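Peer 1: Encoded as structure tokens, here's the structure I'll be asking about.
The values are calculated or read from the model by the stated rules, or taken from the named source; none is laboratory data. Since the model is a prediction, treat every value here as computed from it, not as a measurement. Positions of Cβ are generated from backbone atoms using ideal geometry, with glycine treated the same way; all protein chains shown enter the neighbour counts. These accessible areas exclude ligands, DNA and RNA; they are computed on the full protein's heavy atoms, side chains included. Shrake-Rupley method; radii C 1.70, N 1.55, O 1.52, S 1.80 Å.
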Amino acid sequence: MRTFAVCALGCRVNQYDAEAMREQLLSLGYEQVEFSQKADVYLIATCTVTGTSDKKSRQMINRAHRKNPDALIVAAGCLAQREGEALLEIPGVGLVIGSSNRAMAGQLVEEALAGMKKSAVEELDTVFEPLAIGQMHGRTRVALKIQEGCDRFCSYCIIPYVRGPIRSRALEDCVEEAKRLAAHGVPEIVLTGIHLTSYGRDLGRQAYPGQMLAELLEQLNAIEGVHRIRMGSLEPSVLSEEFMARVAKLDKFAHQMHVALQSGSETVLRRMKRSYTKEGYARHIDILRKYWPDAAISTDMIAGFPGETEDEAKETIEFVRRIGFSHLHVFPYSPREGTPAAVMEGQLSTQKKQARAAQLIAVGEELKKAYIEQFDGTVQDVLFERERDGVYIGRTGEDIEVVCDTPQPFDRLVSCKLTLQDDIMHAQVL
Ligand code: SF4
């Protein structure tokens, strides 16, 4: 029996694509082994979102080749879409699959093993590629891919060039997959896409942004066996009165939203070509809080964007404090060749970018601590997801990590009284 190993880098969408390809190889009778082990086939879902991701992708290819010089290495994902045939020059790489043809990964691997060196990198699709997953036994939280591509072209981002135009998965397909996952005992689903905010925009006229997303959430909320629904990264434009009035009624929809901001400075947002203004962002967050006053609101921030002045950096920190995020993901700006921002004037030094990032991270820790303290002494539903040294670890709807020292189920919500001790949230099951 042939063996294979998988390494998936980058975002949830890339992880999902890798899972779909993994399941194709399993259904062809291949046996999966750890990536650290010798295998006949290595499938690497590459990432190219930053220079570091490129390096990491190549490192994993070289590591696989060292592990088994005779193995077929399959380079899939975003770096593969970007570099295409060039990756076939790397020792061991015998198949390159970009951001399309992933639904045929199993067949392409068989052909490549039959000796046909192949690049299956093509022009990017304009329709959603029918990928599916289903073998997620024993997983507590699983990403459900509902959307592909992006047409925003933010000035620093390479993704639209490697993932292509927006494509939405048919609503019925999403519901069917969620039912499959629930039937396999997966209690929590995370809706994921490259630009979730665009879901449905290519499927027909929407009366307001996110209308079809709200429709999908309602249908997922009705599925027996789905206990919690989360959403991947959003833009503020979705958080309209119409959208929130509809989804706030859904009892399984976790009160946690990741709304990407990137900068709190109006002038920097303009140079980033982001699709909202500072005040517009704040208005949408106000609407969200009108329906979910205690919601966890996390975000992504880019520190040290080209030309960012001390004043702009200060403006960003003030705005982040004003919004009062529950969690900040901070990234020092990383120039991506081929993007407008990479050739912008005023590129900051690595030290300066890291210093700005450190400032933002410190503010983020402060805000996170203040946010979690609000839940001390409250009763919350917890989904436990793993056990470590006899301690059961789970998360509330607001994505707060809690610990419990008695055995807990991993397949349903448990009502718990929370107590904060030394920055650790303890859960007492009621
Ligand atoms: S919205 Fe902007 S940052 Fe996000 S994937 Fe699209 S281009 Fe990139």
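Peer 1: Filtering segment 42-59 down to residues that are under 22 Å from Thr3 (Cα atoms) and touching a Ser or Thr at 6+ places or on another chain (Cβ under 8 Å), which residue is surrounded by the most Cβ atoms within 10 Å (Cβ to Cβ)?
Peer 2: Among those that are under 22 Å from Thr3 (Cα atoms) and touching a Ser or Thr at 6+ places or on another chain (Cβ under 8 Å), it is Thr46.
Peer 1: Which residue pairs have Cβ atoms under 7 Å apart, sit 6 or more places apart or on different chains, and have a first residue in segment 151-165 that is without any contact (Cβ under 8 Å) to a residue 60 or more places away in the chain and a second that is near the ligand (Cβ under 6 Å from one of its atoms) and assigned to a helix (DSSP H, G or I)?
Peer 2: Listed by first residue and then by second, the contacts come to Asp151/Pro160.
Peer 1: Which residues, counting only those in segment 379-392, are farther than 15 Å from His255 by Cα and surrounded by fewer than 17 Cβ atoms within 10 Å (Cβ to Cβ)?
Peer 2: Arg386, Glu387, Arg388, Asp389, Gly390, Val391, listed by residue number.
Peer 1: Would you mind finding the one in Leu131, Leu108, Leu144 that is over 30 Å from Leu383 (Cβ atoms) and either in contact (Cβ under 8 Å) with a residue 12 or more places away in the chain or of a type in the set (Phe, Trp, Tyr) (or both)?
Peer 2: After ruling out the rest, the residue left standing is Leu108.
Peer 1: Restricting segment 193-211 to residues that are away from the ligand (no atom under 15 Å from the Cβ) and either touching a Ser or Thr at 6+ places or on another chain (Cβ under 6 Å) or free of Cβ contacts under 8 Å to residues at least 24 places away in the same chain (or both), which is least open to solvent (accessible area, probe 1.4 Å)?
Peer 2: That would be Gly200.
Peer 1: Let me ask something else. Could you please give the count of residues in segment 368-393 that are of a type outside the set (Asp, Glu) and assigned to a loop (DSSP other than H, G, I, E, B)?
Peer 2: Selection size over segment 368-393: 5.
Peer 1: List the strands (runs of 3 or more DSSP E) inside segment 252-367, counting only whole elements, that have at least 3 residues being open to solvent by less than 30 Å² (accessible area, probe 1.4 Å), in the same structural domain as Asn221 (by TED's automatic domain parsing) and farther than 13 Å from Tyr156 by Cα.
Peer 2: Once the strands (runs of 3 or more DSSP E) in segment 252-367 are filtered for at least 3 residues that are open to solvent by less than 30 Å² (accessible area, probe 1.4 Å), in the same structural domain as Asn221 (by TED's automatic domain parsing) and farther than 13 Å from Tyr156 by Cα, what remains is 256-259, 296-303.
Peer 1: Pick from Lys145, Lys179: which is of a type in the set (D, E, K, R) and under 18 Å from the mean Cα position of the chain (by Cα)?
Peer 2: Exactly one of Lys145, Lys179 is of a type in the set (D, E, K, R) and under 18 Å from the mean Cα position of the chain (by Cα), namely Lys145.
Peer 1: Select from segment 190-245 the residues that are hydroxyl-bearing (Ser, Thr, Tyr) and at pLDDT 95 or above and write down the one among them that is farthest from Lys145 (Cα to Cα).
Peer 2: Ser240
Residues checked against (1) closer than 24 Å to Ile189 by Cβ; (2) touching a helix residue (DSSP H, G or I) at 6+ places or on another chain (Cβ under 6 Å); (3) of a type in the set (Phe, Trp, Tyr); (4) modelled with pLDDT of 95 or more:
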residue	(1), (2), (3), (4)
Leu367	no, no, no, yes
Phe375	yes, no, yes, yes
Thr378	no, no, no, yes
Leu383	yes, no, no, yes
Gly394	yes, no, no, yes
Gly397	yes, no, no, yes
Thr419	no, no, no, yes
Ile424	no, no, no, yes
Gln428	no, no, no, yes
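Peer 1: Does Val121 fit the bill of being in contact with a strand residue (DSSP E or B) (Cβ under 6 Å, 6 or more places away or on another chain), crowded, with 18+ Cβ neighbours inside 10 Å, modelled with pLDDT under 95 and not hydroxyl-bearing (Ser, Thr, Tyr)?
Peer 2: Yes: the conditions hold for Val121.
Peer 1: Out of segment 225-258, which residues are hydroxyl-bearing (Ser, Thr, Tyr) and away from the ligand (no atom under 16 Å from the Cβ)?
Peer 2: Ser240
Peer 1: Which condition number does Met257 fail, the rest of (1) within 18 Å of Pro209 (Cα to Cα); (2) without any contact (Cβ under 8 Å) to a residue 40 or more places away in the chain; (3) not small (Gly, Ala, Ser) being met?
Peer 2: Among (1) within 18 Å of Pro209 (Cα to Cα); (2) without any contact (Cβ under 8 Å) to a residue 40 or more places away in the chain; (3) not small (Gly, Ala, Ser), the lone unmet condition for Met257 is (2).
Peer 1: Does segment 259-266 contain any residue that is within 16 Å of the ligand (Cβ to nearest atom) and either within 17 Å of Pro293 (Cα to Cα) or touching a Cys at 6+ places or on another chain (Cβ under 9 Å) (or both)?
Peer 2: Taking every residue of segment 259-266 in turn, at least one turns out to be within 16 Å of the ligand (Cβ to nearest atom) and either within 17 Å of Pro293 (Cα to Cα) or touching a Cys at 6+ places or on another chain (Cβ under 9 Å) (or both).
To keep it simple, each residue is scored yes or no on (1) within 23 Å of Ala342 (Cβ to Cβ); (2) at pLDDT 95 or above.
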site	(1), (2)
Arg22	no, yes
Gly29	no, yes
Ser36	no, yes
Leu43	no, yes
Arg58	yes, yes
Ala75	no, yes
Cys78	yes, yes
Gly84	yes, no
Gly98	yes, no
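Peer 1: Confirm whether Glu224 is assigned to a helix (DSSP H, G or I) and either open to solvent by 10 Å² or more (accessible area, probe 1.4 Å) or in the same structural domain as Thr192 (by TED's automatic domain parsing) (or both).
Peer 2: no
Peer 1: Right, Ile424: over 18 Å from Gln256 (Cα atoms) and either exposed (fewer than 14 other Cβ atoms within 10 Å of the Cβ) or among the aliphatic types (A, V, I, L, M) (or both) or not?
Peer 2: yes
Peer 1: Within segment 183-195, is even one residue over 20 Å from the mean Cα position of the chain (by Cα) and assigned to a loop (DSSP other than H, G, I, E, B)?
Peer 2: The answer is yes; a qualifying residue exists.
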